[in-house]
Amino acid sequence: MSFGFLGIQFGFALQNGNASRILQTFGADVEHLSLFWLAAPITGMIIQPLIGHYSDHTWNRLGRRKPYFLAGGILSGIALLFMPNASVLLFLPPVMIGAGILMIMDASFNVAMEPFRALIADNLPDSQRSLGFSIQTALIGVGAVAGSVFPWVLTHFMAPEKAVAGHVQHNVIYSFYVGAVVMIACLLWTIFKTKEYSPEENAKFHPEEEETQQKESVMVIFKDFAKMPATMRQLGLVQFFSWFALFSMWVFAFPAISQHVYHVRAGDTTSVNFAKAGDWVTLMFGVYNGVSAIYAAFFLPALARAIGRKMAHAISLSIGGVGLVSIFFIQNPTMLILSMIGVGLAWASILAMPYAILSGSIPAKKMGVYMGIFNFFITFPQIINGFFGGWIVKNIFGGEAIYAIVLAGIFMLCGAVSVLYVQDNKDIKFLPVETVESDHTESFEPAKNIEHHTI
């Protein structure tokens, strides 16, 4: 079910690790980077609830969720091809074209990502959703590791390249090409190998829901927003702190590391250290994604089973916050790997635990739209950061991006405290995974057998 997400994260990791580098190559100033990144959360805030709403009421030959992540994946692949080549489109300054492509790319990623969350919630009972989202997080980590380290790997197989002002290095360009191919291939695997429940089959598992296939007005999203469960509202504060921190890391990690560790002067995009910093940051991102995959697959489910989902999330966020703050005290690039290990633990939990907590508090027939609405609590803090993050770096931090990373660590620690106050009435223990011989195509018993439907 989640293999396509691996491909999406390959491309998403390329964007996260290289977008600031590409935009700076095209002439963007450090204090303006967060404004260029604004396109991502703004489009996500609009698109995710819409995609969730319409996918709740979709059923065609491909299924319920699959048509959306297929369309989003294809558009994302096209954007990946154009992003590092913005300089060849001459009718606008390359930095503006790059920012526009970044907006299209992230909008497409949002179209593709949201249905994967709903797909897990559709196909698994509450007792297995924590495990399901953890497995999804592990596959996300595998794809993100591959996408993050790929530019760094390519530098070891390519001849030394002289940096040219205004032109993206070829190892980055080729990585984006490969990312587009990998993403489409993985999505097609999920589409051909995964079955979704028909409306009639889904109704057997959720007889308490008044399931209808009539299309409600899109305005119902606002009504659903007003009626969101208390758990979702409480998770909103946790998500605000977490995603404000992540946005700061993605936007300012490259300028922070290049300035603070590699001592690159502002505006110097042709020095050897500028390229080294860029490649090392992508490797660092690969480390935290790799740690995330391992932690989500082998440790996070057991930790949640032992101490509960809230406490597991709080501990993970705390370690991530300490990891971000520690970057300020490091001058040896190799030591940054230790910081990223902490970030990886937090990232795994951010991708799994809030969704596991949330999915038990929302009705099945509204799973898609509420997963989309929940994205508001992801995009809103990024929008706030986008508007004010660059201004803070310029006017309060004196252009030193490293302090934005320290602030990110503090916010992540705040998220660790706030999750302890979230109401999670279904903070249940993981049940053993049972082996079943039937697949989705066979007839179904009524909802009493729901616990036997396993991953």
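The values are calculated or read from the model by the stated rules, or taken from the named source; none is laboratory data. Owing to the predicted nature of the structure, the values given are computational and were not obtained by experimental measurement. Note that each Cβ is placed from the backbone with ideal geometry, even for glycine, and that neighbours are counted across all protein chains shown.
Out of all the residues in segment 424-432, is one or more surrounded by fewer than 14 Cβ atoms within 10 Å (Cβ to Cβ) and either modelled with pLDDT of 80 or more or within 18 Å of the chain's Cα centre (by Cα) (or both)? No, the conditions are met nowhere in segment 424-432. Restricting the first member to segment 166-192 and to residues that are farther than 20 Å from Asp268 by Cα, and the second to residues that are of a type in the set (Phe, Trp, Tyr) and surrounded by fewer than 23 Cβ atoms within 10 Å (Cβ to Cβ), the beta-carbon pairs closer than 7 Å and six or more apart or on different chains are Cys186/Phe3; Trp189/Phe3; Thr190/Phe3. If you check Leu81 against the conditions, is it in contact with a Phe, Trp or Tyr (Cβ under 8 Å, 6 or more places away or on another chain), surrounded by fewer than 18 Cβ atoms within 10 Å (Cβ to Cβ) and of a type in the set (A, V, I, L, M)? It is true that Leu81 is in contact with a Phe, Trp or Tyr (Cβ under 8 Å, 6 or more places away or on another chain), surrounded by fewer than 18 Cβ atoms within 10 Å (Cβ to Cβ) and of a type in the set (A, V, I, L, M). Suppose the filter is surrounded by 20 or more Cβ atoms within 10 Å (Cβ to Cβ) and among the β-branched types (Val, Ile, Thr); does Ile51 pass it? The answer is yes for Ile51. Taken together, Ala293, Ala304 contain a single residue that is under 24 Å from Ser148 (Cα atoms) and buried (at least 23 other Cβ atoms within 10 Å of the Cβ), which is Ala293. The single condition among (1) under 30 Å from Gln169 (Cβ atoms); (2) of a type in the set (Gly, Ala, Ser); (3) under 25 Å from the mean Cα position of the chain (by Cα) that Gly236 does not satisfy is (1).
For (1) over 30 Å from Tyr421 (Cβ atoms); (2) surrounded by fewer than 17 Cβ atoms within 10 Å (Cβ to Cβ), each residue gets a yes or a no:
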residue	(1), (2)
Asn273	yes, yes
Val287	yes, no
Leu345	no, no
Ser359	no, no
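The set of residues from segment 248-294 being within 23 Å of Pro381 (Cα to Cα), small (Gly, Ala, Ser) and in contact with a Phe, Trp or Tyr (Cβ under 6 Å, 6 or more places away or on another chain) comprises just one member, Ser292. Summed over segment 389-402, the residues that are touching a residue at least 60 places away in the same chain (Cβ under 8 Å) and either surrounded by fewer than 19 Cβ atoms within 10 Å (Cβ to Cβ) or out of contact with any Leu (no Cβ under 9 Å at 6 or more places or on another chain) (or both) give a count of 5. Using the structure shown, decide if Ser148 is outside any loop (DSSP other than H, G, I, E, B) and at pLDDT below 85. No.
When we screen Ile327, Ile315, Ile294, Ile319 for residues that are part of a helix (DSSP H, G or I), β-branched (Val, Ile, Thr) and at pLDDT below 95, the only hit is Ile294.
Taken together, the criteria exclude Phe222 from residues that are assigned to a helix (DSSP H, G or I) and modelled with pLDDT of 70 or more.
Listed conditions (1) hydrophobic (A, V, I, L, M, F, W, C); (2) crowded, with 21+ Cβ neighbours inside 10 Å; (3) at pLDDT 90 or above are all met by Ala277, apart from (3).
Conditions tested, residue by residue: (1) within 25 Å of the chain's Cα centre (by Cα); (2) under 17 Å from Gly308 (Cβ atoms); (3) modelled with pLDDT under 90.
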| position | (1), (2), (3) |
| --- | --- |
| Ala352 | yes, yes, yes |
| Tyr370 | yes, no, yes |
| Phe374 | yes, no, yes |
| Thr379 | yes, no, yes |
| Ile392 | yes, no, no |
| Tyr403 | yes, no, no |
| Val436 | no, no, yes |
| His453 | no, no, yes |
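Among residues of segment 311-338 that are crowded, with 16+ Cβ neighbours inside 10 Å, those with a Cβ under 9 angstrom from a residue that is outside any helix (DSSP H, G or I) and of a type in the set (Val, Ile, Thr), sequence gap 6+ or separate chain, pair up as His313/Val422; Ile327/Val261; Ile330/Val261; Pro333/Val261; Leu336/Val261; Leu336/Ile330.
Here is a yes/no grid of residues against (1) buried (at least 24 other Cβ atoms within 10 Å of the Cβ); (2) in contact with a strand residue (DSSP E or B) (Cβ under 7 Å, 6 or more places away or on another chain); (3) modelled with pLDDT under 80; (4) of a type outside the set (Phe, Trp, Tyr):
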| residue | (1), (2), (3), (4) |
| --- | --- |
| Gly4 | yes, no, no, yes |
| Ala13 | yes, no, no, yes |
| Ala19 | yes, no, no, yes |
| Thr25 | yes, no, no, yes |
| Ala40 | yes, no, yes, yes |
| Ile47 | no, no, yes, yes |
| Phe69 | yes, no, no, no |
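Scan segment 130-145 for residues that are under 17 Å from Met113 (Cβ atoms) and either surrounded by fewer than 24 Cβ atoms within 10 Å (Cβ to Cβ) or not hydroxyl-bearing (Ser, Thr, Tyr) (or both) and the total you get is 11.
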